[in-house]
1. Do you know which residues across the range 88-129 are crowded, with 16+ Cβ neighbours inside 10 Å, hydroxyl-bearing (Ser, Thr, Tyr) and assigned to a helix (DSSP H, G or I)?
2. Does ARG135 satisfy the condition of being closer than 27 Å to MET411 by Cβ, assigned by TED's automatic domain parsing to the domain that holds TYR376 and surrounded by fewer than 17 Cβ atoms within 10 Å (Cβ to Cβ)?
3. One residue is enough: does the range 385-399 have a residue meeting the conditions crowded, with 16+ Cβ neighbours inside 10 Å and over 27 Å from VAL102 (Cα atoms)?
4. Out of the range 302-340, which residues are assigned to a loop (DSSP other than H, G, I, E, B) and of a type in the set (Asp, Glu)?
5. Would it be correct to say that SER311 is of a type outside the set (D, E, K, R), more than 23 Å from GLU236 (Cβ to Cβ) and surrounded by 13 or more Cβ atoms within 10 Å (Cβ to Cβ)?
6. Scan the range 250-288 for residues that are surrounded by fewer than 19 Cβ atoms within 10 Å (Cβ to Cβ) and either touching a residue at least 60 places away in the same chain (Cβ under 8 Å) or under 25 Å from ILE305 (Cβ atoms) (or both) and report the count.
7. Any residue in the range 158-187 that's assigned to a helix (DSSP H, G or I): show its pairings with residues that are among the basic types (Lys, Arg) at Cβ separation under 6 Å, as long as the two are six or more apart or on different chains.
8. What number of residues within the range 400-412 are surrounded by fewer than 18 Cβ atoms within 10 Å (Cβ to Cβ) and under 21 Å from ASN346 (Cβ atoms)?
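The values are calculated or read from the model by the stated rules, or taken from the named source; none is laboratory data. Computed from a predicted model, the values in this text were never measured in an experiment. Cβ coordinates were reconstructed from backbone atoms using ideal geometry, including for glycine residues, and neighbour counts include every protein chain displayed.
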Amino acid sequence: MKLTNYLCLAAVGLVTLAGCGKGGPPTAQKPGKYSSTTGIEYNTEKGMAVANFKSVPEGPGLIFIEGGRTVLGSQSEDVSMTHDNIERTVTIASFYMDEAEVANIHWLEYLHFIRTDSVQEFYESALPDTTVWARDLSFNDPYVTYYLRYPGFRYFPVVGVSWLQADDYCTWRTAQVNQRLASGGSSKSGGKKGLFGRKKNKAADGAEGTANAGDGRPAASIENGNTLPNYRLPTEAEWEYAAQALVGTQETGNENQEEKRIYPWDGKSTRNAYGKKQGQFLANFKRGRGDYAGIAGSLNDGAMITEYIYSYPPNDYGLYNMAGNVNEWVQDVYRPLSYQDVEDLNPFRRNGVADPADKYDKKGYQSLIDDHVRVYKGGSWRDVAYWLSPGTRRFMDEDSATATIGFRCAMINAGSNK
């Protein structure tokens, strides 16, 4: 008898184990009936429960970003003389990112649910700061009243949102999407109320254990594969990689990255160089002092403030407004030397790790840096073209908000390199 046949029979008599026979080796979708290492049958009194798994459910609003090697850092002159984003080669794992910025209607939906789902104090803390539009010497008063709630602004990016508020939104969105998936796709939430401050839902029954997953969710919900990973803010490296979108410049089979981009599109200009829309602006930004939109009858980007989140052509990943419209919060704590400190695989700067805050004299007003300042990227309707380059970076306190910063969510690509 051949050795391979003997191994298939030896563990449990004549039982064919997963991984042997015509079916090929076991996979996540087809683990087989028996363990390929012990021969013990799954889903029995003594065996481990193994849930059916087809694939990760599709996350609403997300676009797949194929990872790979790239060079992060500023692609143009360092006009601010910060020397905080020098070029370095890294690899980013594949992930998902929102197709467009989170809009006013999405934030109003959030407020709608937490108003009945959470304590009043949390609801009030989630309200955007609409006074970010107010200026003593500018008549922006209508935006203070209308920008967030008027129907005409529904699909304009939400602003006046701090990093902390954006992070809370990601937590809420994860819970809502997974609750809908758990109920078979129904829009009805079911269960007892509670995410921010009220009585929590009972943990869903799971097939594979009852231990916590470390983030408050039962491990069973992860092992069943019927929930999505967490929505979260993208890391700075993920955001910059997605904005570069160099997948559109790459030739099949060519390992060299021969084309670089100053902006999230081809060319050195902020105007469209191709087709019927040749000459039109590709982003919403401030062209120069006092020039937010151009001259009537011949507008350039056409937006005095923010613009519809699907305006302007998407980049080669299919992401809209990765330059201009609003800056976007990312996960990372700001440090000027992150480029030389972080790992070269999925780089990320978290607080409390190396380069401690006590090195920066914030109390003595010699620095603005501590463990509560976060990076934002992308440029906005109020920024000049320099800040549209994916490599540029700035920072602000995580509890602060402006009329020029919004955000979008990201998610890991679980269980696959594709």
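1. TYR110, TYR123
2. Judged against the criteria, ARG135 is not a match.
3. no
4. GLU307, ASP316
5. So SER311 fits the description; yes.
6. 10
7. TRP163/ARG374; CYS170/ARG232
8. Qualifying residue count, the range 400-412: 1.
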